[in-house]
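The values are calculated or read from the model by the stated rules, or taken from the named source; none is laboratory data. Computed from a predicted structure; not experimentally measured. As a convention, Cβ positions derive from the backbone with ideal geometry for all residues, glycine included, and neighbour counts pool all protein chains shown. Note: accessible area is taken over every heavy atom of the protein model, side chains too, but ligands, DNA and RNA are not part of it. Shrake-Rupley method; radii C 1.70, N 1.55, O 1.52, S 1.80 Å.
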Amino acid sequence: VQLQASGGGLVQAGGSLRLSCAASGRSFGRDAMGWFRQAPGKEREFVADISWNGGRTYYADSVKGRFTISRDNAKNTVFLQMNSLVPEDTAVYYCAAVKLGLNRYDYWGQGTQVTVSS
């Protein structure tokens, strides 16, 4: 089972990026999926998650109104649209699948770097 995150890069403040996380090896169409991030010198933090059918989403306060999580179960992929980026969003972003509990997931991707310049 693999979660392959992509779409990260360098962007100026105010810009946008769209992250993708493609799963392979099994279907996650019946599982919650989420995004987390870890900035240098900081602990990993929750960003957003989405229920198996996309009917429920939840966001960290720091990204609410700027980020949108979505999924395409036919493609076994979850997305994170990030708008109005600020330097504080700079981090490695990780996708996760199969929620076990609060901020606990069974499967994790390898991460994609997002850098926002001021």
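Relative contact order of the chain, taken over Cα pairs closer than 8 Å and 6 or more residues apart, is 36 percent. Farthest toward the positive end of the dipole of the chain, out of Ser6, Gln38, Ser51, is the Cα of Ser51, where the dipole comes from beta carbon charges about the Cα centre. Counted by Cβ distance under 14 Å from Ala22, the other residues give a net charge of +3, where Lys and Arg count +1 and Asp and Glu count -1.
Over all other residues within a Cβ to Cβ distance under 14 Å of Lys42, the charged ones net out to -2, with Lys and Arg as +1 and Asp and Glu as -1. When a 1.4 Å probe is rolled over the protein heavy atoms, the share of accessible surface on the chain that falls to carbon and sulfur comes to 47 percent.
In a shell of Cβ-Cβ distance under 11 Å around Leu3, excluding Leu3 itself, what net charge do Lys and Arg (+1) and Asp and Glu (-1) give? Here the count lands on 0. Computed over protein heavy atoms with a 1.4 Å probe, the accessible surface of segment 16-58 works out to 54 Å² per residue.
As a length-normalised measure over Cα pairs under 8 Å and 6 or more apart, the relative contact order of segment 3-46 settles at 29 percent.
In a simple Cβ point-charge model (Lys, Arg +1; Asp, Glu -1; nothing else charged), the chain has a dipole of about 260 debye relative to its Cα centre.
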